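Engineer: Sending over a structure as structure tokens; questions will come in a sec.
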Amino acid sequence: GNWSRLAAQQALTQEDLLGFNTTGNVTLVHITDIHAQLKPIYFREPEINLGVGGVIGKPPHVTGADFRELYGLGQGSALDYALTYDDFTALAKGYGRMGGMDRIATVVKSIRTDRPDALVLDGGDTWQGSLTALRTNGRDMVETFNLLGTDAMTSHWEFTLGIDRVMEIVENELNHPFLGANIFDTMWDERAFEPYKMFERGGVPIAVIGQAFPYMPIANPGWMFPDLSFGIRQDNMAEMVAEVRGKGAELVVLLSHNGFDVDRKLAADVEGIDIILTGHTHDALPEPVLVGKTHLIASGSHGKFVSRLDLDVRDGGLQSVNHKLIPIFSDVIAKDPEMSALVDSHRAPYKDELEEVIGSTDSLLYRRGNFNGTWDDLICNALISEREADIAFSPGFRWGASLLPGQDITREDIFNATAMSYPEAYRTEMTGEFIHTILEDVADNLFNPDPYYQQGGDMVRVGGMGYRIDINKPQGERITEMTLLKSGEQIDPAKTYVVAGWASVNEGTEGPTIWDVVESHIRKQGTVSIEPNDSVEVVGA
Amino acid sequence: MAENVRPRVRVPATVAAGETITIKTLISHNMESGQRKDGDGNVIPRSIINRFTCDFNGQNVIDVTLEPAISRNPFFEFQATISESGTFQFTWYDDDGSVYEEQKEIAVE
Amino acid sequence: AIGGAVVAALPMPVFAAATEDQIAEFTGGVEPGTGGITLTAPEIAENGNTVPIEVDAPGAVSIIILAAGNPNPGVATFNFGPLAGSHVASTRIRLAGTQDVVAVAKMADGSFVQASQEVKVTIGGCGG
Ligand SMILES: [Mn+2]
Ligand SMILES: [Mn+2]
């Protein structure tokens with residue numbers, strides 16, 4: 001019953017959460033994909049996270065009961081709430097919100113009490129995802145991560161602030177290096193950012209190599225940073241590892257925004273990386289995944305977790321790894337006053353705008369999962385009704401906080417699911433054939449058996465239509481039985497449909513902002529209720 | 001003659017004798033493929049750089065034949081090994097008969 | 001995401017015959033071997049109109065580059081002169097859709113070797 005969960009929460013203490021038997025001579029702290037969440041939030045982990053090819057059923061492609069079994073988590077336990085999806089609403093009421101920069105600051109300071117020179121590394125997707133980050137062009141996040149004492153970062157959504165703003169931050173505002181070994185200029189194919197940074201900690205020469213999101217100009221608007229080229233560049237990574245080993249590095253850390261499956265392949269194919277701090281795919285794993293001699297660490301998203309690694313580096317190499325995925329229970333971990341004050345100062349100018357109640361929800365609103373989630377069902381409903389469309393598309397972003405049934409929906413909540421720099425809600429006509437082409441293209445970016453050919457987010461979410469997907473088929477054959485829900489008819493390849501969507505990567509896309517579309521829809525609804533969605537049939541999982 | 005054609009090259013100014021150097025070249029050129037149509041549906045005629053050569057003191061380093069599938073602003077990166085000071089001669093040949101040239105001095109130390 | 005994109009995204013039909021013909025023309029009908037040649041290209045093109053490729057074939061006299069899925073597969077031929085510092089060359093090419101890029105090198109002894117790599121050309125999606 002609920003009381004036992006509450007009891008469980010009361011039993012959680014800050015000491016338990018931060019307790020760690022300090023070992024070795026080097027400590028790493030990893031935070032990634034916070035998506036500008038300064039304050040604690042709810043975030044439901046995915047129900048569906050399918051692996052293909054060689055990674056079927058391997059972490060992070062494990063959810064729910066399988067996840068509990070794999071890691072020995074008790075049903076209804078604190079880590080069950082933090083790491084899985086089922087029974088989320090009830091557990092959330094017991095365990096409360098997670099994250100918050102002030103709680104994270106408390107954790108970092110506590111770690112630095114044990115190990116003053118602990119390296120704090122930020123995996124990127126830091127400067128985007130909230131109203132305040134949007135309004136301040138990332139300045140709120142830059143200042144909070146400066147105050148945290150961050151030692152290095154890498155990037156993805158950072159570039160959607162536009163290259164001029166990124167360079168302004170990197171040159172004038174950021175206190176730490178902005179690493180990207182895989183970022184080159186398009187004209188002469190030369191390095192555009194520092195590839196790595198050498199540190200010395202506990203007497204150990206350490207190299208931290210940065211790897212930005214490889215498919216930046218495809219998954220996000222390339223016109224916002226037209227002179228940059230990214231890519232996985234495996235050979236370049238091998239050269240970087242050789243270069244830093246040549247400079248005496250006894251510990252090589254890759255601070256990566258590749259996504260977990262890409263990093264798993266990279267770890268197998270490039271020798272000499274001791275630790276990969278993974279990012280982008282938002283996985284949270286309570287134990288490292290070992291590939292050869294490389295330890296892969298997955299630290300979740302939205303400020304829900306901080307990973308601590310105590311490493312014993314001796315005789316020129318890594319001897320042992322002591323790891324803890326620290327869940328940031330916001331009701332248990334005290335606020336750091338200094339960080340609290342900074343966060344509040346950044347939110348104060350936008351207080352009325354953030355707090356305005358637009359409506360409420362009867363349903364759990366969440367985004368994460370390979371296919372549709374209720375937040376995007378709501379966004380698609382809004383696009384169809386507000387833009388008078390037959391079909392709606394919402395991108396398969398992995399960011400966006402959750403809301404519990406019974407909660408008010410504030411403007412801040414809408415921005416937490418939509419805030420970004422190319423928000424225009426387009427309305428266009430597409431043939432049935434082209435809709436099929438799009439779905440096939442996005443599906444291959446998710447389910448290509450070679451992770452190096454997977455370029456980004458989850459499957460594009462659809463409204464107004466259904467389809468069947470066989471994830472194991474090749475591109476062009478996965479998507480069948482496309483149906484227009486309002487008529488129940490098959491979608492005709494030759495016929496034209498009105499499609500509304502948002503977040504087009506094309507320059508010059510026109511339309512109202514997605515947050516205005518969603519706000520207008522919610523105001524008309526008053527209380528939002530999302531029906532169970534069975535319009536996508538998945539085969540081969 | 002194609003408009004706004006501008007060749008650019010990157011060559012180190014000095015090199016040790018017998019050392020291999022990397023050379024990068026870029027020429028601003030539309031590389032009209034001959035497969036596109038204009039607003040009236042007429043095929044835009046092919047107009048590309050069809051050959052690029054790099055020589056040093058009269059001896060060849062590389063000689064490239066280009067087809068329309070080479071991107072706009074053709075870029076090449078390659079290497080040369082030289083044992084004496086002298087002049088690199090870069091030459092681009094346009095479909096329209098134009099020839100664009102660039103020279104770079106290099107000193108062997 | 002995707003609004004209004006008009007790029008062909010499905011794999012191109014392979015113009016196999018034209019590619020085979022051009023290889024045969026280059027090799028004089030000799031079947032190329034494998035090994036001794038490396039073709040490097042991005043797994044996914046950032047822009048199908050300018051895809052960086054590099055080919056490396058130590059000891060090659062010349063190397064031909066073909067795009068097997070373009071209507072005209074010919075891309076470039078590199079002929080290395082006596083002052084070439086290596087048999088490595090890079091350029092940027094146009095790809096009409098997802099396809100294999102093929103490189104065939106003629107070696108100094110008159111033999112031929114071949115390598116290929118698939119490059120995916122995508123509409124672009126929704127990374128998060
Ligand atoms: Mn992210
Ligand atoms: Mn990301």
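The values are calculated or read from the model by the stated rules, or taken from the named source; none is laboratory data. Bear in mind that the values here come from a model prediction, so they are computed numbers and not experimental data. Virtual Cβ from ideal backbone geometry, glycine too; neighbours counted across all protein chains shown. The area values use the complete protein model at the heavy-atom level, side chains included, leaving out ligands, DNA and RNA. Shrake-Rupley method; radii C 1.70, N 1.55, O 1.52, S 1.80 Å.
Engineer: What average count of beta carbons from other chains do you get within 10 Å of the Cβ of residues in B:57-64?
Structural biologist: Across B:57-64, the average partner-chain Cβ count within 10 Å equals 5.
Engineer: Ignore the peptide's own chain and count Cβ atoms of other chains within 10 Å of each Cβ in C:87-99; give me the average, rounded.
Structural biologist: Shielding by partners across C:87-99 averages 5.
Engineer: What does the charge dipole of region A:353-464 about its Cα centre add up to, to the nearest 20 debye, if the Cβ of each Lys and Arg holds +1 and the Cβ of each Asp and Glu holds -1?
Structural biologist: That gives a dipole near 220 debye.
Engineer: Exactly which trypsin sites (Lys or Arg not before Pro) in region A:237-301 are in a DSSP loop and have at most 12 other Cβ atoms within 10 Å?
Structural biologist: A:LYS247, A:LYS293
Engineer: Rank C:MET107, A:MET141 by accessible area, highest first, at a 1.4 Å probe radius?
Structural biologist: Reading off the accessible areas and sorting them downward yields C:MET107, A:MET141.
Engineer: Dipole of region A:65-119, Cα-centred, from +1 at each Lys and Arg C-beta and -1 at each Asp and Glu C-beta, to the nearest 20 debye?
Structural biologist: Approximately 340 debye in magnitude.
Engineer: Determine the per residue accessible area of region A:444-541 with all protein chains present and a 1.4 angstrom probe, expressed in square angstrom.
Structural biologist: Ligands and nucleic acids excluded, the result is 44 Å² per residue.
Engineer: Quick one: putting +1 on the C-beta of Lys and Arg, -1 on the C-beta of Asp and Glu, what dipole do you get for the protein assembly as shown around its Cα centre, in Debye to the nearest 20?
Structural biologist: Approximately 1120 debye in magnitude.
Engineer: Another question, then. How many partner chain Cβ atoms sit within 10 Å of a residue's Cβ in peptide A:436-449, on average, as a whole number?
Structural biologist: Taking all residues of A:436-449 together, the mean is 4.
Engineer: Sort A:GLU477, A:GLU412 from largest to smallest accessible area, using a 1.4 Å probe on the heavy atoms of the protein chains.
Structural biologist: So, going from the largest accessible area down, we get A:GLU477, A:GLU412.
Engineer: Among A:ILE276, A:GLY231, A:MET482, whose Cα lies farthest out toward the positive end of the dipole of chain A, if unit charges sit on the beta carbon of Lys, Arg (+1) and Asp, Glu (-1)?
Structural biologist: The one lying farthest along the dipole's positive direction is A:ILE276.
Engineer: In whole angstrom, how far apart do the alpha carbon centroids of region A:173-198 and region B:22-56 sit?
Structural biologist: So the separation of the two Cα centres works out to 32 Å.
Engineer: Something else about it: Given a 10 angstrom Cα cut-off, can you work out which residue in B:THR22, B:THR53, B:THR91 is the most mobile in a GNM of chain B?
Structural biologist: Judging by the Gaussian network model, the answer is B:THR22.
Engineer: A further question on this structure: Net charge near B:LEU26, counting Lys/Arg +1 and Asp/Glu -1 over other residues with Cβ under 11 Å of its Cβ?
Structural biologist: Around B:LEU26, the surrounding residues sum to +3.
Engineer: For region A:118-201, which GluC sites (Glu not before Pro) pass both filters: DSSP loop (anything but H, G, I, E, B) and at most 12 other C-beta atoms within 10 Å?
Structural biologist: A:GLU190
Engineer: Roughly how many Å is it from the Cα centre of region A:102-150 to that of region A:405-468, as a whole number?
Structural biologist: 29 Å
Engineer: Residue by residue, what Karplus-based ³J(HN,Hα) values in Hz, rounded to whole numbers, does region B:47-54 have, using 6.51, -1.76 and 1.60 with θ = phi - 60° and x for Gly and Pro?
Structural biologist: 8, 10, 6, 10, 7, 9, 10, 10
Engineer: With all protein chains present, how much of the accessible area of region A:408-541 (probe radius 1.4 Å) comes from carbon and sulfur, to the nearest whole percent?
Structural biologist: Answer for region A:408-541: carbon and sulfur cover 44 percent of the accessible area.
Engineer: Once phi is turned into ³J(HN,Hα) by the Karplus curve 6.51 cos²θ - 1.76 cosθ + 1.60 with θ = phi - 60°, what whole-Hz value does each residue of region A:256-267 show in order, with x for glycine and proline?
Structural biologist: These are the phi-based 3J(HN,Hα) values: 10, 10, 6, x, 4, 5, 5, 5, 5, 5, 4, 4 Hz.
Engineer: Run through all the Cα pairs of region A:127-170 and give the fraction in each 5 Å bin from 0, expressed as whole percent.
Structural biologist: 5, 22, 34, 28, 10, 0
Engineer: Still on this structure, please answer the following. Starting from the coordinates of the alpha-carbon atoms of region A:1-148, obtain the Kirkwood hydrodynamic radius over all distinct pairs and give the value in Å to one decimal.
Structural biologist: Its Kirkwood hydrodynamic radius stands at 17.5 Å.
Engineer: Step by step: find N for the protein assembly as shown, compute 2.2 N^0.38 Å, then divide the Cα radius of gyration by it. What's the final number?
Structural biologist: 1.00
Engineer: For region B:1-72, what D do you get in µm² per second when you plug the Kirkwood radius from alpha-carbon pairs into Stokes-Einstein at 4 °C and 1.567 mPa s?
Structural biologist: 88 µm²/s
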